[in-house]
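One structure is given below, represented as structure tokens, and several questions about it will come after.
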Number of protein chains: 4
Amino acid sequence: MQSDQQKLQAILDQAVDHARASTERGRVAHYIPELAKADPQKAGIAVTLDNGETIGAGDWQQPNTIQSISKVFTLALCLGTLGDNLWRRVGREPSGSAFDSILQLEHENGIPRNPFVNAGAIVVTDAILATYQPKEALGEIVRFVQGLTGDDQIFIDGRVAQSEEETGHRNRALAHYLASCGNLYNPVAHTLGVYYNQCALTMDCAQLSRAGRFLAFAGTLGPNRQQMVSMKRARRIAAIMLTCGHYDGSGDFAYRVGLPAKSGVSGMILAAVPGIASIAVWSPGLDRNGNSHIGTQMLEYVTNEMDWTVFS
Amino acid sequence: MQSDQQKLQAILDQAVDHARASTERGRVAHYIPELAKADPQKAGIAVTLDNGETIGAGDWQQPNTIQSISKVFTLALCLGTLGDNLWRRVGREPSGSAFDSILQLEHENGIPRNPFVNAGAIVVTDAILATYQPKEALGEIVRFVQGLTGDDQIFIDGRVAQSEEETGHRNRALAHYLASCGNLYNPVAHTLGVYYNQCALTMDCAQLSRAGRFLAFAGTLGPNRQQMVSMKRARRIAAIMLTCGHYDGSGDFAYRVGLPAKSGVSGMILAAVPGIASIAVWSPGLDRNGNSHIGTQMLEYVTNEMDWTVFS
Amino acid sequence: MQSDQQKLQAILDQAVDHARASTERGRVAHYIPELAKADPQKAGIAVTLDNGETIGAGDWQQPNTIQSISKVFTLALCLGTLGDNLWRRVGREPSGSAFDSILQLEHENGIPRNPFVNAGAIVVTDAILATYQPKEALGEIVRFVQGLTGDDQIFIDGRVAQSEEETGHRNRALAHYLASCGNLYNPVAHTLGVYYNQCALTMDCAQLSRAGRFLAFAGTLGPNRQQMVSMKRARRIAAIMLTCGHYDGSGDFAYRVGLPAKSGVSGMILAAVPGIASIAVWSPGLDRNGNSHIGTQMLEYVTNEMDWTVFS
Amino acid sequence: MQSDQQKLQAILDQAVDHARASTERGRVAHYIPELAKADPQKAGIAVTLDNGETIGAGDWQQPNTIQSISKVFTLALCLGTLGDNLWRRVGREPSGSAFDSILQLEHENGIPRNPFVNAGAIVVTDAILATYQPKEALGEIVRFVQGLTGDDQIFIDGRVAQSEEETGHRNRALAHYLASCGNLYNPVAHTLGVYYNQCALTMDCAQLSRAGRFLAFAGTLGPNRQQMVSMKRARRIAAIMLTCGHYDGSGDFAYRVGLPAKSGVSGMILAAVPGIASIAVWSPGLDRNGNSHIGTQMLEYVTNEMDWTVFS
């Protein structure tokens, strides 16, 4: 086992080395002022194994807002409360369009294609507000993620949330459009307030890889430990990650990396190797679909070297 | 092992029993005259295990044309010849629209979204014709599938191919549209001629489950046997099946069944359980996305009972 | 001349009689609470001739909010201030989609197709706010319409404006979408505040037909009277009315009625017979494109009987 | 009268002079080999007045294929035979998309938006084949246009028709798509054969302006002469020309020129000044919507100078 971890450590180091040497680094998200400041040279990766150990390389201990990766956690939380009733309000199909597209809503009467495009995640957050007041809801989300991570230091970066709220005309357009279709039950300001705050959950790769264990270990924090999400639900969330987790680049990611994963516009990606490991990567430069360019390369390298894939 | 197979046999029998008792059976494809004659009461399932044994239940030995499932085999054959050059002419993303949609071609300059929508499969067939004359190409396809199956009795049902050719205005529209974008290199009649014939490859569930072994067993016909497709390529084809194999129902299928799979309009579905088994089901009634309604239910039942999924 | 007006009076009376006898009356707009109360049995028509006389029939003296017909007046006012610079922010093509569609904005980077779909009219109002503060702007709009009508009693029904503002999620979605594309320069609340108020301008058919004289009489209030809008601009606005004035029913209206015209969701329509007359009709029931069903029938009847068309 | 014609002649000469001096000339259609040979420096204009006289300037006597302008004549012919039954198969709304777009067909079940986009014109031609065999149909079309023009020398340029037929994958895609929706009743080859031949009707500007008299003179060949098309039908065709005659540039053309008109990809445009004149222009360079760039400029100049518009 020791030598296995040494081999993995070496591969993570190589992945970061290759990442740092890459000349094509993608483009840092420019439309959220706080994110636009990120250094595209940064690259980190962390892996949490089934024995509970977390190892990492590069900038794996630098905290970032997890942005759209929060959609995985709110989906898990929401399904835990509402169950399958959620699927009356949001679909489970890849969208074939951009993360912030409004087109599909008009074609499909305000039912977002899946919970990982922005419109879908706004509906999920809105559905959580059926049970909780906005402030309570945020508390629940933070506590849920702290529980998954086993780390009660995880917090929300209010400055980033504020920064997004001030510039988020596209999301407000989506929310009002949903409302006009009867698929938003709370005031737009309430739902988006919670939404922007959940996106500003702040973790480093180590924390994020621990938060994602339930996806790799059938809903538990690792073999023989606490069941956080039912086994079936954890698998199903992983399925949606594989088909929809990278917006209109989901097919390509499945082809190249072969794992269920979810990306965020801060350049983080959370991936699960069922039964084996939970992985988090970070590098701020994005490809044209809004997914971390270098982060995807690091995942491709590591999964290739480790022979990690769900397809064999 | 014996008792394992007995347990599986019992589960397959139950799956067929439940299928036969189901009142909602979907709707038999009406636009291909030969398929319209199928009996929606039919239901069969076959599983080929890593020990090479095939067991089945229900109408598992009734031959059918495999229709769009042929796209998996022509993709494997084409990638073997052209390699990644194919991806210049076709994408790898879920389409977000119907199997025979032409919309996306207009938006994306004649590059089909993936090789499993009709337009994409027509391009794959066209690409095979770069290497072979139409008749040779068909021979190659048949021999390739016979090799995968280990059964040289597999044939093309010319009557069904003819029936499709006579009524296939939509596919001709797609082919001419591709040609108008410069993404069809051979005469429309040649490419579609091969396309309709490959769709008319005829197998029962037993044969089809054997033909799909390379997807479950890393490109081989089972552990320690012949490598038919490279390991990496087999996995990647499986990845495309999972994200795109059920048209605009791919996300829902991944959510419910959790396996890479490809459906055909005859009501067959081919699915792979990596390292464990290859499954073929058949029941002619289709859901609104063109996938076998009862076939999906049988797969959901069996994978649930057997705990087969790629997500854990 | 007297007998001509008697003949016209008789035709207007007949138009209203036929309208009242019609069993298919369309559907009153339901999404604006104040409009939903309207009585679909109502029908009125007024014609203002080049001699300045206004004659009418039916409910021609019942005031209503003019809704989207206000877009004609704000366009004229805005072009008077900004001139052709406006066309950098909004197009002049029929949209091929619904009045409140957001699809086209996504396809065309936030440039609305024309100034008569909601998104385009919101941009026009926003452009007026480059010159005036919101309250001033409303004052300017009211005074401009009063001047065109020659009636300083015309007012804004604040209750209807309020009613729309409270329920107008779709328009807020459009405005935020425009803002996200950089095509809204003022705060959404300011621009929409003015927009809802302009829509609540209140007139009866008599007043509206007088307000529309500049469209029929080359920018004047009738031959030999004050030039309110330049001749060229008045003609061009009429051209946009003919191609875009009835949303996705504009082609059909041109075919049946053959006049430049603009409809409003309250069931009013303003039409111009160049050189001859300005017509206003009202009946609250709408067809599927959001245009007055009975109003169109009355216009079709009168123009047919009077042989009024721009096409001969 | 004489001096009026002299004034008009001078204006036509100036229009051509300005056209020849223009540096931005658009782009000659490249996808039809025979058209690609045209000289973009060419520019001609002809006007036929109500007294029957035709005057012209520039290259007004050089024959060209009229291409899509033929759609006006086949529509008139078809409505004469089928009457309003045609409107069950084709709409009357501007399309909001390109002349050869297939998108709208998929959204609207194979009913083309109007008879002037390619798909719509193919349906019109197909409808003519309900009455005539393909060769007869062509004969009828030619005789009808000869009758309108009063010139039995008008012919079809078979070489251009052949050239289009060989390269016309997009039109074949449209026709097969229509067929797949049940909106093409004849074999694709028959309908397209007639379609390509009607597009190859060959006229110079003088002939074309005479052929268009029925649009300007209420269905007659000029005041007090033969009624070729009913008055109402002629006006209605003019209405469709105004809203749909320039594809996705129809709104802009109405705004700038203010006349019902139809363009063809050879660079010709036919326009009608109701009660006054019929105009034909030609210059081969096209704008991005496929309409003659210089031709539109010449029309804008002449209508401006002559104060010709339907909007006053």
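Output the Cα-based Rg and Dmax of chain A in Å, rounding Rg to one decimal and Dmax to a whole number.
Taking only Cα atoms of chain A, I get Rg and Dmax of 17.9, 58 Å.
If the cut-off is a Cα-Cα distance under 30 Å, which lysines reach D:K71, setting aside same-chain residues fewer than 8 apart in sequence?
Cross-link targets: C:K262, D:K37, D:K42, D:K135, D:K232, D:K262.
Can you give me the Cα centroid spacing of the range A:272-301 and the range B:74-89 in angstrom?
The two parts, judged by their Cα centres, are 26 Å apart.
Turning to a different aspect of this structure: Calculate the spin-label point distance for C:S3 paired with B:K232, positioning each point 7 Å from the Cα along the beta-carbon direction, and give it in nanometres.
Placing both labels 7 Å beyond Cα along the Cβ direction yields 9.4 nm.
Taking the Cα-to-Cβ direction at B:R143 and at B:N51 and moving 7 Å from each Cα, how far apart do the two end points lie in nm?
If labels sit at B:R143 and B:N51, their model points lie 3.4 nm apart.
Using +1 on the beta carbon of Lys and Arg, -1 on that of Asp and Glu, and nothing else charged, what's the dipole of the protein assembly as shown about the Cα centre, debye to 20?
For this selection, approximately 0 debye.
On full extension of the chain, what length is gained from C:R225 through C:D152, given 0.36 nm per residue of separation minus the C-alpha to C-alpha distance?
Fully extending the segment from C:R225 to C:D152 adds 24.5 nm.
Now for a separate question. Run the quick spin-label model on A:S22 and B:Q162: label points 7 Å from Cα toward the beta carbon, then report their separation in nm to one decimal.
Label-label distance for A:S22 and B:Q162, simple model: 5.5 nm.
In the range B:1-67, which trypsin sites (Lys or Arg not before Pro) are in a loop and have at most 12 other Cβ atoms within 10 Å, using DSSP for the loop call?
Answer in residue order: B:K37.
Taking Cα pairs under 8 Å and at least six residues apart, what relative contact order does the range D:228-312 come out at, in percent?
Worked out over the range D:228-312, it gives 24 percent.
For the range D:282-297, just list the computed ³J(HN,Hα) in residue order, Karplus coefficients 6.51, -1.76 and 1.60, θ = phi - 60°, integers in Hz, with x standing in for Gly and Pro.
Calculated HN-Hα couplings, in order: 8, 7, x, x, 10, 7, 5, 8, x, 10, 4, 5, 6, x, 5, 4 Hz.
Using alpha carbons only, how many degrees (0 to 90, rounded to 10) separate the axis of helix B:134-149 from the longest principal axis of chain B?
Roughly 20 degrees, rounded to the nearest 10.
Specify the angular offset, from 0 to 90 degrees and rounded to the nearest 10, of the alpha carbon long axis of helix C:188-199 from the longest principal axis of the alpha carbons in chain C.
Roughly 0 degrees, rounded to the nearest 10.
Just tell me the longest site-free run in chain B, where the sites are chymotrypsin sites (Phe, Trp or Tyr not before Pro) in a DSSP loop having at most 16 other beta-carbon atoms within 10 Å.
It runs B:186-312.
Determine how many Å³ per residue the convex hull of the Cα atoms of the protein assembly as shown encloses.
Expressed per residue, the convex hull around the Cα atoms of the protein assembly as shown is 178 Å³.
Sticking with this structure for a sec: Could you give me the percent of Cα pairs per 10 Å distance bin for the range A:68-199, shortest bin first, beginning at zero and ending with the bin that holds the maximum distance?
The percentages, shortest bin first, are 13, 47, 33, 7, 0.
Oh, and also: Considering only chain C, pick the residue with its Cβ nearest the axis of the rotation onto chain B, and state the distance in whole Å.
C:H107, 4
So what is the relative contact order for chain D, in percent, with contacts set as C-alpha pairs under 8 Å and at least six apart?
26
How much FRET efficiency would the formula 1/(1 + (r/R0)^6) give for B:A36 and B:A10, where r is the Cβ-Cβ distance and R0 is 45 Å, rounded to 0.05?
The pair B:A36/B:A10 has a calculated efficiency of 0.85.
If you take all C-alpha pairs in the range C:1-67, what percent of them are over 17 Å apart?
Roughly 52 percent, once rounded to a whole number.
Can I ask one more? Amide H to amide H, which residues 5 or more places from B:L286 or on other chains are under 5 Å from it, using H placed in the peptide plane?
It is B:R27, B:V28, B:A29, B:H293, by chain and number.
Relative contact order of the range D:68-199, please, whole-number percent, based on alpha carbon pairs below 8 angstrom and at least 6 residues apart.
31 percent.
If you don't mind, there's one more thing I want to ask. Based on Cβ point charges of +1 for Lys and Arg and -1 for Asp and Glu, what charge dipole magnitude is obtained for chain A about its Cα centre, in debye rounded to the nearest 20?
Roughly 600 debye, rounded to the nearest 20.
Could you run the Debye sum over the Cα atoms of the range D:210-312, one equal point scatterer each and no solvent, and tell me log10 of I(q)/I(0) at q = 0.11, 0.12, 0.13, 0.24 Å⁻¹, two decimals?
The computed values of log10 I(q)/I(0) come out as -0.29, -0.35, -0.41, -1.27.
If each label sits 7 angstrom from Cα along the C-beta direction, how far apart, in nm, is D:Q14 from its counterparts in the other copies?
Those label-point separations list as 4.6, 7.9, 9.1 nm.
Still on this structure, I have one more. For the range D:140-292, compute Rg over Rh where Rg is the Cα radius of gyration and Rh is the Kirkwood radius from the inverse mean 1/r over Cα pairs.
Radius of gyration relative to Kirkwood radius: 0.98.
Could you work out how far helix B:70-82 tilts from the main Cα principal axis of chain B, as a 0 to 90 degree angle to the nearest 10?
Helix B:70-82 and the main axis of chain B meet at about 60 degrees.
Values in this text are rule-based calculations from the coordinates and carry no lab data. From a predicted model like this one, the values you see are computed outputs, not experimental measurements. Note that we place each Cβ from the backbone using ideal geometry, even for glycine, and neighbour counts take in every protein chain shown.
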